[in-house]
Amino acid sequence: DIILAMDTSESMMGLDFKIDGRRTPRLEVVKNVATEFVGRRSGDRIGVVVFGEEAYTLAPLTTDHGIVVDFISRIKSGMAGNKTAIGAGLGVAINRMKGLPGKSKIVILLTDGVNNSGRIPPLVAAQIASQLGVKVYTIGAGSKGQVPYRVETPLGPQQIYRQADLDEETL
């Protein structure tokens with residue numbers, strides 16, 4: 001059983017990746033990686049949890065990988081709030097697996113890696129996962145420093161720079 005816990009917060013719209021020479025939001029890169037990963041799996045039950053300020057199950061565990069890919073393609077920035085509650089994302093993913101039979105239970109956390117919201121600290125959620133036999137793998141998507149973002153203004157879309165951090169130690 002594998003749950004992809006995907007960060008959909010506003011910061012995931014940072015443009016610090018380039019694909020085919022075009023600046024691409026972190027969220028799009030993460031969605032592409034998740035889609036490729038699902039396509040390479042066979043026989044696994046896979047689900048998706050999205051999180052921002054809140055967290056919820058987007059796709060329950062299933063062997064229908066086509067539907068999982070479809071749900072991933074529909075993920076949008078801000079759909080669970082604009083801030084990042086990593087502990088909440090992990091908590092919902094862990095809860096989806098609690099009590100299920102299976103050889104292994106895995107959460108793959110995909111985030112730009114700075115917790116700035118939520119009531120459950122990420123390390124507390126990780127300790128709970130460990131106690132329940134759920135392995136957590138983290139993938140940090142983004143860079144540190146000044147990162148470009150596209151914003152809408154009365155004059156049309158503009159590019160601004162914001163400070164970004166990637167909390168590799170917590171991840």
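The values are calculated or read from the model by the stated rules, or taken from the named source; none is laboratory data. Given the structure is predicted, the values throughout are model-derived calculations rather than measurements. Positions of Cβ are generated from backbone atoms using ideal geometry, with glycine treated the same way; all protein chains shown enter the neighbour counts. Quick note on the areas: whole protein, heavy atoms, side chains included, nothing else; ligands and nucleic acids left out. Shrake-Rupley method; radii C 1.70, N 1.55, O 1.52, S 1.80 Å.
Overview of results
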| quantity | calculated |
| --- | --- |
| Gyration tensor verdict on the range 1-73 (Cα atoms; rounded if a/c is under 1.5, prolate if a/b is larger than b/c, oblate otherwise) | oblate |
| The chain: Lys pairs at Cα distance under 15 angstrom, eight or more positions apart or on different chains | 5 |
| Simple Cβ-charge dipole of the chain, Lys/Arg +1 and Asp/Glu -1, about Cα centre, in debye nearest 20 | 280 debye |
| Relative contact order computed over the range 1-158 (Cα-Cα under 8 Å; 6+ residues apart), in percent | 29 percent |
| PHE37 accessible area, 1.4 Å probe, all protein chains in place, Å² to nearest 10 | 40 Å² |
| For the range 47-169, share of DSSP beta bridges that run antiparallel, in % to the nearest 5 | 60 percent |
| DSSP beta bridges in the range 1-117 [antiparallel fraction, %, rounded to 5] | 40 percent |
| The range 7-54, relative contact order in percent, only Cα pairs under 8 angstrom and at least six apart counted | 40 percent |
| Carbon/sulfur fraction of accessible area - the range 31-140, other protein chains in place, 1.4 Å, % | 52 percent |
| Summed side-chain charge close to VAL147 - residues other than VAL147 whose Cβ falls under 13 Å, Lys, Arg +1, Asp, Glu -1 | +2 |
| Whole-number percent relative contact order across the range 75-158, with pairs defined as alpha carbons under 8 Å at least 6 apart | 33 percent |
| Cβ-based charge dipole, the chain, positive-most Cα from LEU155, VAL29, PRO60 | PRO60 |
| Lys/Arg +1, Asp/Glu -1 at C-beta; the range 45-171 dipole; positive extreme among PRO122, ILE75, VAL107 | VAL107 |
| Estimated 222 nm signal from helices in the chain, with DSSP H stretches of n ≥ 4 weighted -39500 (n - 2.57), rounded to 500 | -8500 deg cm²/dmol |
